[in-house]
Structure formats: structure tokens, C-alpha cells
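Since the structure comes first, as C-alpha cells, the remarks are kept for the end.
Where a number appears in this text, it was derived from the coordinates with a stated rule and is not lab data. Everything numeric in this text was worked out from a predicted model, so none of it was measured. Cβ placement follows ideal geometry from the backbone for every residue including glycine, while neighbour counts extend to all protein chains displayed.
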Amino acid sequence: MQPRLRVVPRKVELGAVALSEVKLVEARICNDGASPLRLDQPLSTCGCVKPTLPVTTVPPRGEVSLRLRVTAPTTPENILQTVTLTSRDAPGVSWAVTVLGRAEAEIWASPPRLEVEVDDSGEGRRDFTVHSVLRVEPLEVESSSEFLRVEQLSDATASRRYRLHIHRATEGDAFLNVFQNDGKLALQVPVRWHRRAEVTMRPEYMFIPGGEAARKVVFLTVDPRKAGMEPIVEPLVPWLRIMRRRQLNRHTFELEILADSTSVPQQIEPGMPLFAARLQRPKAPNYHFLGYPIRSASSRGLD
């Protein structure tokens, strides 16, 4: 007998939201049948929609709540994402919730936040663009830190390019304040700068599916100034293992990662640190010197 499950509402309308705004919404999962239904963990088409099922068994003639944490995009665009529900009691059947909306802004920056690597003397730079709708013109961009200087690279109104310069500061946080032509503060762009990392991993983010074995390949790069040093990588969670490591050149390594399907949490916090890496000097070869008696030529009767 086909399960009688309803999702109310089937479409969640967010309407107009600000860039990067977080919305908390709910849908009801209703069981109109005579038997309980055990739900699997919901799956989303995007990490920007985080679904949570506090109760996974829907009683007969009962309902449970599906909670959705939606993070709006960082640029103006339509929001169209889907959350899919399945049940181990109904193989091959699924139910969906659609999330709709529109992220809007009159002025925005790309990238929306700046991460800058500086050299050992604290010098660095990063380009960015301030976009605006036609009726709104940004007047100027100012820094909240004495270590930052902003250089304007173009005069276009809709997309104006800038270059951020960092001078004699090895690490810190600040904001770039974007003002409209009426002097009103329209946007703040977060800036974080730090000394160039000795070890970096790419990609910076890893998608880990639950319920199945997942093998991932990441690339480890050692600062060329530290080439020749040995990178030591350690997983920070028990459900990740490094299966294989291959050196591609003097400062690049390929790592094959295995996510244990039986231990991966059903809900993983986005941005959760997964690995720690450090450098150590390669160990010197361990030579063993063996002593042999040395005979002179005369002792062998050759003189």
C-alpha cells in the first residue's frame, strides 16, 4: 500500500531577502496513513539550505516539523532550491519541498568578503568590484584601518573596480565602508588579512555525503620558500582517513581521503575544520657505520 504522506506547504516562499540573510522556516510532514513512517535524513540541493528533522518517525494520523535554515546568496539572484524526503518504509518514493525567493540589493561587492595573504613584511593586495543598480551610485570606498588603502581602478557606475593595498601589517580584521552619493553608508565589506600560509589545501571546502563511502582527492601545496620540508597532515575527525599520499613535485602533494560511511554525522556544520597541517624538516638518513679491521699492505705480504 502506497504511503500517504503530505508536505505542507510544498513550496516555501521567502519573498525578497537581503544578501546573505538567514531565514528560519518550517514545513509540516503529515502522515495520513494507518502505519508509522520512518524518514531518512532530508537531502538539499544546496548547502545554503540546511534541513533538520528533530523527529524522524511520523506517527499514524500525525505530523512532524521539517526545519529549514536558508542562507541567501551573496549576489542578487533568484532562490530555487529543493529538499527531498525519503523513507526506508517506502523504497523508491520521495517527497519534495521547494524553497523560493529573491536575494536583492542596491549595492553589493564581489567577492562579498576579502581574504588577503600578505608577505613577511606585511604587504599584500586584492582586487574587488562594487556593483550597483542604475539608480544608485557608490560615492567612495573608505577603510576602517590605517593599514589599508583603496585604489579605484575604473569609473563605471554599475561595476566599479578597486584594488585594496595592505601596508606593514601581518594580520588583522577591518571593514571597507561603501558610501552612496548622498553620503549614506550602503555596504560594509569585511576584510581579513594574514601572513601567507605555509601549507594550503585545495579545494578549501569538501562536500561529504552521509550514508555512503566517499573518496575525495585534495591537493596539498607547500609554500615554495619552504619547499623540501615534510608536510604532516592529521584528520581532526575520526571518520576521515588519509588512504594515499603522492608527491607531484617539490611542493605539491595529492591526498586521497576516505570518509567512513558508518561514522559520518547526519548533520555536518558548514565550514567545519577537517584537517590540521604542519611542516617539519625531513629526517636525516640514519647511517650505521660498521667497523672492519684494516690491514696494511705489509701485513698481507704485499710490500
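Here the gap between ARG67 and ARG10, fully extended at 0.36 nm per residue and compared with their Cα-Cα distance, gives a gain of 19.2 nm.
Output the relative contact order of region 69-180, whole-number percent, from Cα pairs under 8 angstrom with separation of 6+ residues. Result for region 69-180 is 23 percent. Starting from the Cα of THR82, move 7 Å in the Cα-to-Cβ direction to define the label point; list residues of region 1-26 whose amide nitrogen is under 15 Å from there. Taking a point 7 Å out along Cα→Cβ of THR82, the residues of region 1-26 whose backbone N falls under 15 Å are 10-12.
Within the shell of other residues whose beta carbon sits under 12 angstrom from the beta carbon of GLU117, the net charge comes to -2, with Lys and Arg scored +1 and Asp and Glu -1.
Which is the longest stretch in the chain that no exposed loop site breaks, taking sites as chymotrypsin sites (Phe, Trp or Tyr not before Pro) with a DSSP loop state and at most 12 other Cβ atoms within 10 Å?
The reported range is 1-204.
Placing pseudo-labels 7 Å out from each Cα toward the beta carbon at SER110 and LEU134 gives an inter-label distance of 1.9 nm. Among the listed values (i) 1.48; (ii) 1.24; (iii) 1.02, the one matching Cα Rg over 2.2 N^0.38 Å as calculated from this structure is (i).
Between GLY228, GLY92, GLY33, the Gaussian network model of the chain with springs among Cα atoms under 10 angstrom shows the greatest mean-square fluctuation at GLY92. Between ARG202 and GLN188, the distance separating the two model label sites (each 7 Å from Cα on the Cα→Cβ line) works out to 3.3 nm.
If R0 is taken as 25 Å, the Cβ-Cβ distance between ILE232 and ASP173 corresponds to a FRET efficiency of 0.30. Report for the chain the percent antiparallel among DSSP-assigned beta bridges with both residues inside it, nearest 5. Here the share of antiparallel DSSP bridges comes out near 90 percent. Could you please report the charge total around PRO231, scoring K, R as +1 and D, E as -1 over all other residues with beta-carbon less than 10 angstrom from its beta-carbon? Around PRO231, the surrounding residues sum to +1. Label positions at GLU146 and THR52, each projected 7 Å from the Cα along the C-beta direction, are separated by 4.4 nm. For VAL217, the shell of other residues with beta-carbons less than 12 Å away shows a net charge of +4, using +1 for Lys and Arg and -1 for Asp and Glu. Shown for the chain: lysine pairs separated by 8 or more places, or found on different chains, whose C-alpha atoms are under 30 Å apart, numbering 8. Our summary gives region 128-230 a relative contact order of 21 percent, counting only alpha carbon pairs under 8 angstrom and 6 or more residues apart.
When you restrict to C-alpha pairs under 8 Å that are six or more residues apart and normalise by the size of the chain, the relative contact order lands at 12 percent. Listed peptides 66-73, 41-48 appear in the order 66-73, 41-48 once ranked by packing, highest mean of other Cβ atoms within 10 Å at the front.
The length gained by stretching the chain between SER154 and ALA18 to full extension, at 0.36 nm per residue less their Cα-Cα distance, is 46.3 nm.
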